[in-house]
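Read-outs: derived from the displayed coordinates by stated rules, not from any lab. Note that the structure is predicted; figures quoted are calculated from it, not measured. Neighbour counts are summed over all protein chains in view; Cβ atoms, including those assigned to glycine, are modelled from backbone coordinates with ideal geometry.
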Amino acid sequence: MLWEELTALGFHGSKRAVREYVSDWRKTSRAATDLAPPARSLPLRPSSQQVRWWLTLPETELEPSQRRFVARLVETCPAAREGQRLTRSFVNLFETRDPAQLVPWLEDAEASAMASFRDFAIGLRRDFEAVRASLTSPWSNGQTEGQVTKVKLLKRQMYGRASLHLLRQRLLCSA
């Protein structure tokens with residue numbers, strides 16, 4: 001038996017794992033000496049993180065297979081279609097920097113059937129003036145936030161040994 005031979009060679013998997021792996025081999029007519037597994041006829045399923053990213057990108061930035069997958073997904077899944085629409089309109093809102101689009105987008109997101117968009121819109125409403133200012137102001141505190149994040153990361157890496165002198169040295173050396 002194949003599983004016994006593999007176990008003798010140091011394989012630690014189960015009989016079922018071996019059976020599932022070689023099941024496709026039996027379906028094809030091959031010579032007994034040909035042990036190469038068959039080519040997969042179906043592509044591997046993309047991860048949910050990949051699909052979320054594909055839904056946010058413009059179609060021009062997707063490969064043809066990704067474009068077909070997204071088109072089929074939004075055709076068959078209303079939630080994916082709504083998520084794609086809301087996400088793309090939010091991205092467009094910040095690309096065009098048009099504050100007049102903010103309130104309609106918030107109302108649209110709050111009326112959404114998707115809880116994540118509703119919660120996000122509620123959070124944006126809490127900081128409405130700051131969000132609106134980010135659309136109208138040429139200033140950004142992104143550089144400051146990046147530096148604060150860097151300091152916090154270095155401090156956490158030092159497990160509580162972050163005296164001001166040591167933290168200063170780490171920051172100067174990491175620049």
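Using just its DSSP H runs of length 4 or more, each adding -39500 (n - 2.57), the chain gives a mean residue ellipticity at 222 nm of -21000 deg cm²/dmol after division by all residues. Its residue count N fixes a reference of 2.2 N^0.38 Å for the range 48-136, and the Cα radius of gyration divided by that reference is 1.16. Taking the Cα centre of the chain as origin and assigning +1 to Lys and Arg Cβ atoms and -1 to Asp and Glu Cβ atoms, the resulting dipole is close to 700 debye.
Based on the reciprocal of the average 1/r between different C-alpha atoms, the Kirkwood radius for the chain equals 22.3 Å. Once a ≥ b ≥ c are taken as the square roots of the eigenvalues of the Cα gyration tensor of the range 85-175, is the result rounded (a/c under 1.5), prolate (a/b larger than b/c) or oblate (a/b not larger than b/c)? Since a/c reaches 1.5 and a/b is larger than b/c, the shape of the range 85-175 is classed as prolate.
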